[in-house]
1. If each DSSP helix of 4+ residues adds -39,500 (n - 2.57) and the sum is divided by the residues in the chain, what number results at 222 nm, nearest 500 deg cm²/dmol?
2. Could you compute how fast the stretch 26-80 diffuses translationally, taking Rh as the Kirkwood radius over C-alpha pairs and applying Stokes-Einstein at 25 °C with viscosity 0.890 mPa s? Give it in µm² per second.
3. With a cut-off of 20 Å, note down the residues of the stretch 1-19 whose backbone N falls inside the zone around a label point 7 Å from the Cα of residue 67 toward its beta carbon.
4. With each label point set 7 Å from Cα along the Cα-Cβ vector, what nm distance links residue 45 and residue 16?
5. ³J(HN,Hα) across the stretch 8-19 via Karplus (A = 6.51, B = -1.76, C = 1.60, θ = phi - 60°), whole Hz, x for Gly/Pro?
6. Can you work out the Karplus-derived ³J(HN,Hα) for every residue in the stretch 68-81? Use 6.51 cos²θ - 1.76 cosθ + 1.60 with θ = phi - 60°, whole Hz, and x for glycine or proline.
Amino acid sequence: MKIELFYSPGCTKCLEQQEPLQATARQIDPALAWRELNVLEELDYAVSLGILTLPAVAIDGELVFTSLPTAEELTDAVRKRLPQRT
């Protein structure tokens, strides 16, 4: 699983929340890939995902949040995308 946080430079809220959100996601799936992407450096990719506002979060190449999610919202989104375990 890959989670990508898109932010703009100077967004202090984005930077403050990225570590707690990353820690939350890794508690559920320690093997996930986490990336922080400066939208100015990844503009074409952001546009291809349909990102119009920042911050935004994509999971496995799909735009899931158009603002920073709460820890609970991110947990729910990650769990929904995990393969069913037997």
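1. That comes out to -12500 deg cm²/dmol.
2. Numbers: Rh = 12.0 Å.
So the translational diffusion coefficient is about 204 µm²/s.
3. 4-19
4. Computed distance between label sites residue 45 and residue 16 equals 2.7 nm.
5. So the Karplus estimates, Gly and Pro as x, are 10, x, x, 7, 5, 4, 4, 5, 5, 8, 5, 5 Hz.
6. Per residue, the Karplus-derived 3J(HN,Hα) values read 5, x, 6, 4, 5, 5, 5, 4, 4, 5, 5, 4, 5, 9 Hz.
Bear in mind that the values in this text are calculations on the coordinates, not laboratory data. All figures in this text were calculated on a predicted structure; none of them were measured in a lab. Positions of Cβ are generated from backbone atoms using ideal geometry, with glycine treated the same way; all protein chains shown enter the neighbour counts.
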